Structure formats: C-alpha cells, structure tokens
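Participant: Structure below; questions to follow.
Each reported figure results from applying straightforward, stated rules to the coordinates on display, with no laboratory input. Everything quoted here is computed from the prediction, not taken from an experiment. Because the Cβ atoms are built from the backbone with ideal geometry, glycine has one as well, and the counts that use them run over all protein chains shown.
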Amino acid sequence: MKVYVGSQYPLLHDYKAYLYEEQLFGPTIDYVGAYAAPQPDPNHLVPPPDAFATHTRPAKEDAVDFIIQSIHRYPNEVSILAIAPLTNIAIAVRKDPSIIPLIKQIVFMGGQVYAPGNAYNDAGEFNWWFDPEAAQVVLRTSIPKLIVPLDCTNTVPLTKETYQQIADHQPSTIVTELYQQHFARFFGSAPPPYVPYIYDTIALGCLVNPSFSTDSRSIWLDIDTVTASANTTFGSNYGKTIPYSSDPYPSIGVLAKSTVVFAINTPAFLKFYVDLLTRPVPVKFEHESEDK
C-alpha cells in the first residue's frame, strides 16, 4: 500500500483565509486547527499515533494522477469514498474529464440538505465548506453520487453503550486505546456541552453495505460559492448545500441528480461499526503488496 500526497490547499483559499474563520468556531470544535499553520510538505510528514504508517514513504506520483490512472486502469470498477474536502477529485475531473463516465460511483460524507451546518455561521457542512468550489465541480458532474449529509449523521449519536463496547473491548488494540483516549471526555463526570456523532464511518458503511440506508432520495444538489468581496472573505451562506426539487438548469445540463441518504438502520450499522473498530491490529489485507 502507498500514500499519495494530495493538494496542499483548496482551489481558491490558503490557510490564512481559513485561520480567521476557524477562530470563530470556538475552542470546543474538534477540527479547529486544521489550518492553524501551513500544511507540511511531503518531506516533513510524521507517523500517525496509531503506528500504522511508521515506514511507508509518500509515493512519487501525486494523488490527482493516481486517481486518474486508477480509473483508466479499472474503468467502471472504481468507487471513491470521499470523507474529506473534494479538492483532489475536482482537480482530477478537470485535468482529465474522460474519467467522468468511467467512475463507478462516489460515496460522500458531506453537505447538509435541510439540517443546519457545522461550519462557519452554521451555513455548511465542514467537508464541503472547506472547499465549496471543488464540491461544486464534483456535484455538477454526471458521476453517480451517493451522499451521506448531516441530515443523516445527526441521527446517529455516539452513545455511551457503543463507546464502552469499543473502549472496553478485550484484547485492546492501539485503535481501541486511541478511541478511548479521544472519546472518554464525552462520557466522564463533566462531559462537553455537545454530543459526539458518527460521521465518516456511516459513508463507509453505505459503500460496503448499501442496505444500511432506509431513506434515500434522488435530489438535485448544488452549493453556495458566493464570497463577500473579491474572494477575500466568506459570504454568509458560503459552503451551504442548495437542494432543488427540479432541475434548476434544464436547458444546459449543469446538474445531475444525487442519491441522498437521510436515515439508516442504526442498530445494524452500529454492529458493523463496533466490529470494525475492535478487529485485531495490524489489519491484514488480501494480496497485500510488499512494495512500500
């Protein structure tokens, strides 16, 4: 397995622009600090605390070219799990539009349709708010899209029962230990004033097992990319997902419908979630390459 380095910054903004906006979130939001300093270059990456990537070096090929080449190598077979800003995918489809009809599907954790956001001014969901221009590029393609927005993830809080099944699992692993360390503050004598929710893993679950979805709807989605002035500050609805009940651009074909998941079979998903996080470590993959 290899690590492919992606884009350093979103399409329009750098860390200085987002640093100002992050300061508005307050100290309790977990993702404050993602742009507190410039992203390190590939020569200054450090191993993560889970001890999985202690020796793997970044591949010479970057993430955008890896996406393009993989899709051409396996036409109509590649599903992309997008649980972060969509910068690399947007650059890939702009650099080589011929991959668009060759992508099997993209499964997203991103956006909010009718629910409030969790980013600046409660306007948008963080992954898409981080680079709304990239999200708009991808949403406006004809690639089949399965989207798990905040409308769905906000219905699946992390309960103490689920937390304990993972944190107290025996034998413990580096994953269960890190999980316990991160989420213990939510279930102590003085928990934080907000409830933790399960986000990205729901999108993974819907990719692995589409039957987890119990309420999915076909909707046209776009995203607000309006800035206040000359792309220097953010508009009040910057990064907000915009749903339409009918095609807003019927004569020019800008948007394609997305399948949006609004609810899942929570008990079935949580069983999958607990099993996933309590499996033995290190995880062994079939046909794992020795090429590092």
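Participant: What GluC sites (Glu not before Pro) does region 77-147 have in DSSP loop regions with at most 13 other beta carbons within 10 Å? Can you show the working numbers first?
Facilitator: Details: sites: E77, E125, E133; in loops: E77, E125.
Sparse-neighbourhood loop GluC sites (Glu not before Pro): E77.
Participant: For a label point 7 angstrom out from the Cα of S142 toward its Cβ, which stretches of region 54-88 have the backbone nitrogen within less than 20 Å?
Facilitator: 68, 71-80
Participant: Which pairs in the list K60/K145; K60/K95; K95/K145 are over 25 Å apart, alpha-carbon to alpha-carbon? The partial results should precede the final answer.
Facilitator: Numbers: K60/K145 30 Å; K60/K95 18 Å; K95/K145 20 Å.
Table pairs above 25 Å Cα-Cα are K60/K145.
Participant: Taking neighbour counts of Cβ atoms within 10 Å as a proxy for exposure, in what order, fewest first, do D224, D215, D62 appear? Can you show the working numbers first?
Facilitator: Details: D224 20, D215 12, D62 16.
Placing the least packed residue first, the sequence is D215, D62, D224.
Participant: Tell me, what HN-Hα J-couplings in whole Hz come from the Karplus equation 6.51 cos²θ - 1.76 cosθ + 1.60 at θ = phi - 60° for each residue of region 134-140, using x for Gly and Pro?
Facilitator: 5, 4, 5, 4, 6, 4, 8
Participant: For a Förster distance of 30 Å, can you work out the FRET efficiency between the beta-carbons of E77 and I242, rounded to the nearest 0.05? Mind dumping the intermediate values first?
Facilitator: Values: r = 32 Å, r/R0 = 1.05.
Approximately 0.40, to the nearest 0.05.
Participant: Using alpha carbons only, how many angstrom separate the centre of region 155-228 from the centre of region 126-145?
Facilitator: A separation of 22 Å, based on Cα centres.
Participant: Please give, to one decimal in nm, the separation of the simple spin-label points placed at Q164 and K2, each 7 Å out from Cα toward the Cβ.
Facilitator: 4.7
Participant: Starting at the first residue of region 66-83, write each ³J(HN,Hα) from the Karplus equation 6.51 cos²θ - 1.76 cosθ + 1.60 with θ = phi - 60°, in whole Hz, x for Gly and Pro.
Facilitator: 4, 4, 4, 5, 5, 5, 5, 6, 10, x, 6, 10, 8, 9, 9, 9, 10, 10
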